[in-house]
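All remarks here apply to the structure that follows.
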Amino acid sequence: METVLRLSLSLVPKPKDLHEYVSFSDPNSDQTWMIDATYLKSNWTCIYGSGCKGVLDDDATKLQHGCCSYGAHFIDKKDLASVKKSVARLKPEHWQNMERGKNGKWLGKERDGADVTRKVNGVCIFHNDATFEGGLGCAFHIAALEAGERPMDWKPDVCWQVPLRLEEFTEDDGHVVSFVREWKRRDWGEGGHDFHWWCTDDSKAFVGKNPVYQYLKDELTELVGPAIYKMIVETLSRDNSVAVAHPKMKKAKS
């Protein structure tokens, strides 16, 4: 009987993308936090400019677009208002496409009416290419660093949140369940599965010096608040807090 049971278990397919979550109750609200501990304890890091292949249907390493190939969608009116203030602070030395984006022409509309940053030459209008003297990459990022400020405070929310994902669900009794996890291909919509490459799918991006919950401290704090972030750190900093390592970390070590 024991032999048969072992054989049966051996035939059960192993999950390809196994993640372990930890949960805890919010001490100040009727809310439960579900934390993707496997991802937050991994050593994922942004490799823009160091092997990032972009998010197009083909290998786009040479274009150096990163995840800026598509215009940034705004989460709400507050997000849009914040970016409008950032745009007003940009100077020609920060923004290659300033002339094209003057007088609000940097803002476009999707078919469903959603606000989005326009694209120029197949990339977000705020992306500077390698020929620009002011520097390659996001104009907001360049300007913020020059001003001694955090780039995330200048950018559209989605631009600094990726690859973190916060999802919240309200149960019938009003209780809120909040998930903090890694951004998957599906989170980009139908086209995400057609990307030639996505960073959290590749072991080459799991080469950071610190775990994600430390590396993305500012981003996590902005998403969940300082009190919850502190609880995340206290939970994940324990040596035995996660038994399941990120599947891409395993491949990187093999």
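Just so you know, all these numbers are worked out from the coordinates, no wet-lab data involved. This structure is a prediction, so every number in the text was calculated from the model and none was measured. Methodologically, a virtual Cβ is constructed for each residue, glycine included, from the backbone with ideal geometry; neighbour enumeration extends over all protein chains shown.
Might you check whether a residue that is within 25 Å of K16 (Cα to Cα) and part of a helix (DSSP H, G or I) occurs anywhere in the range 140-148?
Residues of the range 140-148 within 25 Å of K16 (Cα to Cα): none.
For the range 140-148, residues within 25 Å of K16 (Cα to Cα) and part of a helix (DSSP H, G or I): absent.
Just wondering, is there one or more residues in the range 126-136 that are touching a helix residue (DSSP H, G or I) at 6+ places or on another chain (Cβ under 7 Å) and part of a helix (DSSP H, G or I)? Talk me through it step by step, then tell me what you get.
In the first step, residues of the range 126-136 are kept if they are touching a helix residue (DSSP H, G or I) at 6+ places or on another chain (Cβ under 7 Å); the result is 126, 128, 134-135.
Next cut, part of a helix (DSSP H, G or I) only: none.
No: zero hits.
Just checking, which of L220, L166 is farther than 21 Å from K53 by Cα, in a helix (DSSP H, G or I), touching a residue at least 24 places away in the same chain (Cβ under 8 Å) and in contact with a helix residue (DSSP H, G or I) (Cβ under 9 Å, 6 or more places away or on another chain)? Give the derivation first.
Values: L166 fails: in a helix (DSSP H, G or I).
The unique qualifying residue is L220.
Looking at E219, E167, which one is among the acidic types (D, E) and surrounded by fewer than 16 Cβ atoms within 10 Å (Cβ to Cβ)? Please lay out each step first, then the result.
Values: E219 fails: surrounded by fewer than 16 Cβ atoms within 10 Å (Cβ to Cβ).
Every option except E167 fails the conditions.
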Somewhere in the range 92-113, is a residue within 25 Å of K184 (Cβ to Cβ) and either touching an Asp or Glu at 6+ places or on another chain (Cβ under 8 Å) or hydroxyl-bearing (S, T, Y) (or both)?
no
Check off (1) more than 18 Å from S82 (Cα to Cα); (2) aromatic (F, W, Y); (3) buried (at least 21 other Cβ atoms within 10 Å of the Cβ) for F132 and give me the number that stays unchecked.
(3)
With criteria (1) in contact (Cβ under 8 Å) with a residue 60 or more places away in the chain; (2) surrounded by 12 or more Cβ atoms within 10 Å (Cβ to Cβ), G174 comes up short on (2)
